[in-house]
Amino acid sequence: MNEKLIESKNNPFFKKLKKIYSSSSFRKNQNQTILDGPHLIKSFIQHSAPSLVIKDLSNVTNEIENLIDSLECPCYSLSHELFLHLSELKSSTGILALVDIPKVTPLKFDGLTVLLDGIQDPGNLGSILRTAKATNAKSIVMSKTCADLWAPKTLRGSQGVQFSLKCVVETDLNEWILNYNHDVIALTTNGESLFNTKLDSNMAILVGSEGKGISKPLLKNVVGTVSLPMHKEVESINVGAAVSAFMYEYYRQVVSG
């Protein structure tokens, strides 16, 4: 594989890579994102091939060399300083990959669908996606105010499960709920106990943002609300933890039961 060396952060192509890494709107415009580290790249190549890879000349391991050798795509080399300037991490993973964002064709929504209304923290979003995959949730449907599904931080938090999980972004959730053929329930702080609720095999759970919760117009279209039982001294928990608890209860009742 022929390698190309980028020697300056003023290099036009380097500037483009930096913008893809850091700008959600530019990622959307280019329909590309950057994967940081060998694990994410290995997850991606199970489904498609990268457009190119970028390696840190000061952090080349056998794993990274073997990964690069297995790919039929251009390879760019950066000094350690430039690599860290491109990546937002404090330490180098040794390799990045530029990839096209996969296209998702909405199909039948069966099993558990998770509706996310304004989840804005990429770490929370990534955690929710990873748990969704672990509990066999079938689909994730995200409002227009959610964090970027393909941001590097979201990808790290999810470990790249969005490559194999059906995720629909920038959705009008009101319209989606009205056209859905099964029940939608909302996860709130004042609903029926989740552990006293029988969950259906085909259903959707609606989860709100970290600060504002679920938008009031959406609550008008759900069939009910459920909550997690908590110790009286605790008012609420992290949204990622809350929806994960719900998904595992669904898994207990429906998937493994």
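Where a number appears in this text, it was derived from the coordinates with a stated rule and is not lab data. If you're wondering where the values come from, they're calculated on a predicted model, not measured in any experiment. Heads up, the Cβs are rebuilt from the backbone with ideal geometry, glycines too, and the neighbour counts pull from every protein chain shown.
Within segment 149-181, take every residue that is acidic (Asp, Glu) and not in a helix (DSSP H, G or I) and give me the one that is farthest from Ser43 (Cα to Cα).
The selected residue is Asp172.
In this structure, does Phe83 turn out to be surrounded by 15 or more Cβ atoms within 10 Å (Cβ to Cβ) and farther than 30 Å from Phe13 by Cα? Answer is no for this residue. Scanning segment 114-136 for residues that are of a type outside the set (A, V, I, L, M) and either in contact (Cβ under 8 Å) with a residue 40 or more places away in the chain or crowded, with 21+ Cβ neighbours inside 10 Å (or both) returns Asp117, Gly118, Gln120, Asp121, Pro122, Gly123, Asn124, Gly126, Ser127, Thr131, Thr135, Asn136.
Say whether the condition of being within 20 Å of Leu17 (Cα to Cα) and under 15 Å from the mean Cα position of the chain (by Cα) is met by at least one residue in segment 108-115.
no
With the structure loaded, tell me whether Asp183 is in contact (Cβ under 8 Å) with a residue 24 or more places away in the chain and closer than 19 Å to Gly118 by Cα or whether it fails that test. Can you show your working first?
On the way: in contact (Cβ under 8 Å) with a residue 24 or more places away in the chain: yes; closer than 19 Å to Gly118 by Cα: no.
When the stated conditions are applied, Asp183 does not pass them.
Filtering segment 22-73 to residues that are of a type in the set (A, V, I, L, M) and part of a helix (DSSP H, G or I) leaves Leu40, Ile41, Ile64, Leu67, Ile68. Scanning segment 185-207 for residues that are out of contact with any Gly (no Cβ under 9 Å at 6 or more places or on another chain) and surrounded by fewer than 21 Cβ atoms within 10 Å (Cβ to Cβ) yields Asn190, Ser193, Leu194, Phe195, Asn196, Lys198, Leu199, Asp200.
The set of residues in segment 18-59 being surrounded by fewer than 21 Cβ atoms within 10 Å (Cβ to Cβ) and in contact with a His (Cβ under 9 Å, 6 or more places away or on another chain) consists of Lys18, Leu57, Ser58, Asn59.
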